[in-house]
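Structure, as structure tokens:
The values are calculated or read from the model by the stated rules, or taken from the named source; none is laboratory data. Just so it is clear, the model here is predicted, and its values are computed rather than measured. Here the Cβ positions follow ideal geometry from the backbone for every residue, glycine too, while neighbour counts run over all protein chains shown.
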Amino acid sequence: MRFKISLITVLFVSFLCLAQNDWENQNVISINKLAPRAGIVPFTSLQDAQELEEEKSERYLSLNGVWKFKLSETFESSPKDFFKPEFDVGGWDEIEVPSCWQMQGFGKPIYTNVRYPFEKKPPFIEPRYDNTNTVGSYRREFTLPESWTGKRIVVHFGGVNSAFYLWVNGEKVGYSQGSWTPAEFDITDYVQAGGNTISAKVFRWSDGSYLEDQDGWRMSGIFRKVYLIAQNRLSITDMNIVTDLDKLYKDAVVKASFTVLNAGEKASSPAEIKAQITGEKGEAAAEAKVAVPAIKPGERGEVKTYIRVEAPKKWTAETPNLYSFTASLNSQQDKEFAGLKIGFREIEIKDQQVFVNGEPVIFKGVNRVEHSETGGKKVSYEQLKKEILLMKRNNINVVRTAHYPANEELCELCDEYGIYVVDEANLESHEYGFHNNKLALDPSWEEAHLDRIRSLIYRDRNHPSVIFWSHGNEAGTNRNLIEMDKLARRLDPSRPTHYHIEAKQKVFDTLGGPRYRSLEELKKIALNGDSRPFLLNEFAHAMGNAMGSLTEYTEMFEKHKRLIGGCIWDWIDQGIAREKNGREYWAYGGDFGDKPNSGNFCINGVILPDLSVTGKLMEVKKAFQPIIFEGVNLGDKLIRIENRYDFTNLSELDFWWRILEDGRQIQAGILEGVEAEPNTKTSPLKVGFDSSGFKQGSEYVLELSARTAKDMNWADKGFEIAFGQFVVQRSDFKPRLGKQGELECSALDKEFDVSGEGFTASFDIAEGILSSLSYEGAEVIQTGPKGHFWRAPTDNDNKGFKKQWREAGLDKLRRTVLDVDYVPSDKMAVVTVKAMYSEDLQIKEPIGWETQEQYTVYPCGSIQVDMQMRPFGKMPENLPRLGSLMIAPKGFDNFQWYGKGPMHSYPDRKEGQKLGIYSGSVSEQFVPYPRPQEFGNKSLVRWFTLKNDAGQGFKVAGRQALNVTVSHFSDEDLTSASHLYELEKQDRCFVNVDYANAPVGNQSCGNVLPLEKYRLKPQSVDYGFVIQPCE
């Protein structure tokens, strides 16, 4: 009776499956699709298999290129028989493959973070807003090489979003879903000699899309490479290579497993596999032979061998030593070769830490979303390589593939250049929440979950760079996630598992959350008694002008052994390159009429959409640098160097020093004999500079630099890895005045003019302001300085402080002149202005600033400006800016400064900039954040000049360190604009000379406010500077 009930149940479920569309049925993941495997391409020679240039293999045929294409609003309206060779597609559009069809002008991309772009009724896809489930029909012809006759033909789709049917020569081959891992089909029985037709019908969404709710652009199409391979009838279809180091991490045993398929019509004869391991220069490291028994037709056999390798060079992110592993299958009929790159390394968890080759590692990295400003989710190999080199050169040692497997070539590049990978499954169902996630609880969705971790592991398990298997992101904590973890352990016990949240029971080997935590919260996590390592897999939300206190987070990772590091969210701004009114800009959510959308929440990268660098990446490089310089006793010229490398002795690098006098190099040399084992410090080292000639009042800075001692595959010899700067003699901050003469003063029609040899300064008495300043007949300042207390809110300000600032009226402060006093003299003229800055003095409790702005004019043309600022009323606890604003006329675009540079910096993000003298145009200081905001601040500025092309201009020297911004856009311009094309560049130059600018913080995601020590509080301020002619 029990059997009958079970049979009825099976039949009923089967009936339901038949009644549903495949793409709306969680029980149908694929039809006729081959099992996942490593992307092995067959070769016809050993040398080709070692070189691994797959596209040069005689057994490889690319199907990339131009396909015929037709986009339909629905499945019902899509062409029915288009896959038949006689169907005329001559009038169809053409589309490049790989690509996302939205980036080729078909339909609109949608950016949403949490909400599905379709109604939440799994497994069905119903329109939300006007988002129909569009269908793309693809077709192209190809010619099968004559040499492939009699071979097994497999077609490989690297990535198709989100589901598709496949036909060859009018015959239906199969179905696949799961956008971010390959789909392969055996098409041997469908192809013919000569010309062939291949067709695909791609669904924008499927039931699989419920598990692909990742924060990012929702795009569709065949977006990764497509190719054919031809295998012998007896062929190695998969390999699994595990390198097992001994207890001393010296010698290794390679555990090699081969999947051999007999695609012939009769049992195979016994064969042999010869496995060979060779080094970088082709030198033999080890080899072995293993017999392949007879295999029945249509079946697979698994054969294994163990290969001992003595003292191989180990693979780590610091030492990415790779070996070629080749396998030749020798049968009576033919010979075929397969190859992989392997690395010898061992991963262990001990004492709350992750060990690589016996050493604990701190992971300092980024989350990487697959994005191209022009290709969307289609990312070229050239861009991938540029990204990996940027990471490597900026001390990033780990990348998390957020939140799906990256392009297949990313792991190859990380293997080659040395970056650890947190390899993440294609899984997120964010709109269903965490602890009671419906899809994670439902057993009928279990296989759909398991398929995603299985596909990932089989694809990437041979890559030494892969350190963790991550089960996805924001996909619940329940039974299906637990089953994923069990499967991952069975498939690959050599690597730990990872996930960012769990219910009460401990499941995963390493934890990644809670995320976006404060330093105090992180410390509690470090000490909470959990024995598992904690990788903060999202922190320092890099949205807009952001990423404060990165060094403090890195130091927290160094201090607590359970905190094994973190990954910044995220690597690249997901802006899409567009043009409007002849101006280029980057679009974000909502710009295509897309609903639902999450606005510019996709603009949160360390780098801009075109891979260009801002001060954020320089801060990453400094915070993550593996070498720390410490001043022991600078008076005695003693320093110490800390080696935070895990596998590199400092003797493998070159160390340089130099002395800067007021920003200019006057001495330089090499630090000889620097040596320290990993994770140790040197003894105190004496730097050989000569301080006997140091001038009183001048500033002297010792700069130390660690550089590559030889050419690397990622950088040339002499590339700087780390630096440190120390002020060994401080500036007296006394601006030098020029030759003194006599002044002429005149007061007329509410204007007070002061002139001397080569200059004229005019003060508007009614406005209480310097209204014009000219040197050598050229007007260099049109207006100012006057008090300035606003900045264009950053994305972090928008989340944290903007509301308070606007409620307080800080964006609308009006200047009221209370009193102006001027004292003429032929030796020194003094103008004193008392003013008030307030939104409305009539309100019950007005707030604002009372200021005294004093100008002392000297006969040499120097004007000493002394600013006193006193707050009144109930100010916000945190302020945007305290300073003054001047305006220079058209043509003054040449900017030079002595301070932190070369890029912009802020109180909590200035460590990556060096003290020095820098120059550039005013336009070059603009940082094109896709949503305009505060930018360009230069910290710790001693002096700056602003000149026109004729060399005329002015200099400002601080009586203390200043914060300076120069821009062709006003704060009002930046505040009101939401896109770059809305900004109208002005001819004049806005010059902020500030006592302080607010920190940038990280609170655009999470509630982590800037550290208290960096916040700008309401306070009485006295500061000053001198405006003078350029020397």
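Could you name every one of the strands (runs of 3 or more DSSP E) located completely within region 201-289 that has at least 2 residues being surrounded by fewer than 24 Cβ atoms within 10 Å (Cβ to Cβ) and not β-branched (Val, Ile, Thr)?
It comes to 226-231, 234-245, 252-262, 271-278.
May I ask you to list the residues in region 341-364 that are assigned to a strand (DSSP E or B) and surrounded by fewer than 22 Cβ atoms within 10 Å (Cβ to Cβ)?
Residues satisfying the conditions are Lys341, Ile347, Glu348, Ile349, Lys350, Gln353, Phe355, Glu359, Pro360.
Residue by residue, here is whether (1) in a helix (DSSP H, G or I); (2) of a type outside the set (Val, Ile, Thr) holds:
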residue: Arg942; (1), (2): no, yes
residue: Ala950; (1), (2): no, yes
residue: Val966; (1), (2): no, no
residue: Phe969; (1), (2): no, yes
residue: Asp973; (1), (2): yes, yes
residue: Ser978; (1), (2): no, yes
residue: Glu984; (1), (2): no, yes
residue: Asp994; (1), (2): no, yes
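Pull out all pairs, ordered by first then second residue, where Cβ-Cβ is under 6 Å, the residues are six or more apart or on different chains, the first lies in region 693-715 and is at positive phi, and the second is of a type outside the set (A, V, I, L, M, F, W, C) and part of a loop (DSSP other than H, G, I, E, B).
Gly697/Asp732
Output the number of residues of region 476-515 satisfying the condition of being touching a Lys or Arg at 6+ places or on another chain (Cβ under 7 Å) and in contact (Cβ under 8 Å) with a residue 40 or more places away in the chain.
Qualifying residue count, region 476-515: 2.
Regarding region 94-105, can at least one residue be identified that is among the aromatic types (Phe, Trp, Tyr) and either surrounded by fewer than 19 Cβ atoms within 10 Å (Cβ to Cβ) or within 26 Å of Tyr190 (Cα to Cα) (or both)?
Going through region 94-105, the residues among the aromatic types (Phe, Trp, Tyr) turn out to be 101.
Remaining after also requiring either surrounded by fewer than 19 Cβ atoms within 10 Å (Cβ to Cβ) or within 26 Å of Tyr190 (Cα to Cα) (or both): none.
No, that holds for no residue.
Could you count how many residues in region 622-644 are out of contact with any strand residue (DSSP E or B) (no Cβ under 7 Å at 6 or more places or on another chain) and within 24 Å of Gln913 (Cβ to Cβ)?
2
Consider region 403-440. How many of its residues are closer than 21 Å to Phe118 by Cα, among the hydrophobic types (A, V, I, L, M, F, W, C) and in contact with a Lys or Arg (Cβ under 8 Å, 6 or more places away or on another chain)?
Qualifying residue count, region 403-440: 2.
Looking at region 568-601 only, could you name the residues that are under 22 Å from Glu431 (Cα atoms) and assigned to a loop (DSSP other than H, G, I, E, B)?
Trp569, Asp570, Gln574, Tyr588, Gly589, Gly590, Gly593, Asp594, Lys595, Pro596, Asn597, Ser598
Tell me which residues, restricted to region 119-150, are over 30 Å from Gly170 (Cα atoms) and of a type in the set (Phe, Trp, Tyr).
Passing the criteria: only Tyr129.
Check off (1) crowded, with 24+ Cβ neighbours inside 10 Å; (2) in contact with a His (Cβ under 8 Å, 6 or more places away or on another chain); (3) more than 22 Å from Tyr323 (Cα to Cα) for Val421 and give me the number that stays unchecked.
So the condition that Val421 fails would be (3).
Yes/no matrix, rows are residues, columns are (1) surrounded by fewer than 19 Cβ atoms within 10 Å (Cβ to Cβ); (2) of a type in the set (Gly, Ala, Ser):
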{"position": "Pro902", "(1), (2)": "yes, no"}
{"position": "Ser905", "(1), (2)": "no, yes"}
{"position": "Gly916", "(1), (2)": "yes, yes"}
{"position": "Val922", "(1), (2)": "no, no"}
{"position": "Tyr929", "(1), (2)": "no, no"}
{"position": "Pro932", "(1), (2)": "no, no"}
{"position": "Phe935", "(1), (2)": "no, no"}
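Yes/no per residue for (1) assigned by TED's automatic domain parsing to the domain that holds Gln214; (2) in a loop (DSSP other than H, G, I, E, B); (3) among the hydrophobic types (A, V, I, L, M, F, W, C):
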| position | (1), (2), (3) |
| --- | --- |
| Arg452 | no, no, no |
| Asn462 | no, yes, no |
| Glu474 | no, yes, no |
| Ala503 | no, yes, yes |
| Lys506 | no, yes, no |
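What is the one condition in (1) in contact (Cβ under 8 Å) with a residue 60 or more places away in the chain; (2) closer than 16 Å to Tyr995 by Cβ that Leu940 does not satisfy?
Single failed check for Leu940: (1).
Hey, any hits in region 542-555 for a residue that's under 19 Å from His403 (Cα atoms), in contact with a Lys or Arg (Cβ under 7 Å, 6 or more places away or on another chain) and at pLDDT 95 or above?
Yes - at least one qualifying residue is present in region 542-555.
Let me spell it out: the conditions are (1) assigned to a loop (DSSP other than H, G, I, E, B); (2) surrounded by fewer than 20 Cβ atoms within 10 Å (Cβ to Cβ), and Asn878 meets all of them except one. Which number is the exception?
Asn878 satisfies every listed condition except (2).
Okay, residues lined up against (1) outside the structural domain of Tyr499 (by TED's automatic domain parsing); (2) crowded, with 24+ Cβ neighbours inside 10 Å; (3) basic (Lys, Arg):
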position	(1), (2), (3)
Ala311	yes, no, no
Asn321	yes, no, no
Ser324	yes, no, no
Asn330	yes, no, no
Gln333	yes, no, no
Lys378	no, yes, yes
Asn394	no, no, no
His403	no, yes, no
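Which one of Arg224, Arg233 is closer than 30 Å to Ala440 by Cα and of a type in the set (Lys, Arg)? Walk me through it before giving the result.
On the way: Arg233 fails: closer than 30 Å to Ala440 by Cα.
Sole residue among the options that is closer than 30 Å to Ala440 by Cα and of a type in the set (Lys, Arg): Arg224.
Restricting attention to region 692-714, does a residue exist that is of a type in the set (Ser, Thr, Tyr), more than 30 Å from Phe355 (Cβ to Cβ) and surrounded by fewer than 18 Cβ atoms within 10 Å (Cβ to Cβ)?
There is at least one residue in region 692-714 that is of a type in the set (Ser, Thr, Tyr), more than 30 Å from Phe355 (Cβ to Cβ) and surrounded by fewer than 18 Cβ atoms within 10 Å (Cβ to Cβ).
Checking the conditions here, which among Ile781, Ile769 is in contact (Cβ under 8 Å) with a residue 40 or more places away in the chain, closer than 17 Å to Gln952 by Cβ and touching a Pro at 6+ places or on another chain (Cβ under 9 Å)? Write out each step before concluding.
On the way: Ile769 fails: closer than 17 Å to Gln952 by Cβ.
Going through Ile781, Ile769 in turn, just one is in contact (Cβ under 8 Å) with a residue 40 or more places away in the chain, closer than 17 Å to Gln952 by Cβ and touching a Pro at 6+ places or on another chain (Cβ under 9 Å): Ile781.
Answer with yes or no whether Asn796 is closer than 30 Å to Arg393 by Cα and outside the structural domain of Glu934 (by TED's automatic domain parsing). I'd like the intermediate steps shown before the answer.
On the way: closer than 30 Å to Arg393 by Cα: yes; outside the structural domain of Glu934 (by TED's automatic domain parsing): no.
So Asn796 does not fit the description; no.
Inside region 899-930, can you point out the residues that are out of contact with any Asp or Glu (no Cβ under 7 Å at 6 or more places or on another chain), closer than 23 Å to Asp573 by Cβ and part of a loop (DSSP other than H, G, I, E, B)?
Residues satisfying the conditions are Pro902, Met903, His904, Ser905, Asp908, Lys910, Gln913, Phe926, Val927, Pro928, Tyr929.
Taking the conditions exactly as written (touching a Pro at 6+ places or on another chain (Cβ under 7 Å) and touching a residue at least 12 places away in the same chain (Cβ under 8 Å)), does Tyr898 satisfy them or not?
No; evaluated as a whole, the condition is false for this residue.
Being of a type in the set (Phe, Trp, Tyr), farther than 26 Å from Gln725 by Cβ and without any contact (Cβ under 8 Å) to a residue 60 or more places away in the chain narrows it down to one of Phe872, Phe892, so name that one.
So the residue among Phe872, Phe892 that is of a type in the set (Phe, Trp, Tyr), farther than 26 Å from Gln725 by Cβ and without any contact (Cβ under 8 Å) to a residue 60 or more places away in the chain is Phe872.
Every residue in region 117-154 that is polar (S, T, N, Q) and buried (at least 20 other Cβ atoms within 10 Å of the Cβ), please.
Once the filter is applied, which keeps residues that are polar (S, T, N, Q) and buried (at least 20 other Cβ atoms within 10 Å of the Cβ), region 117-154 yields Asn131, Asn133, Thr134, Ser137.
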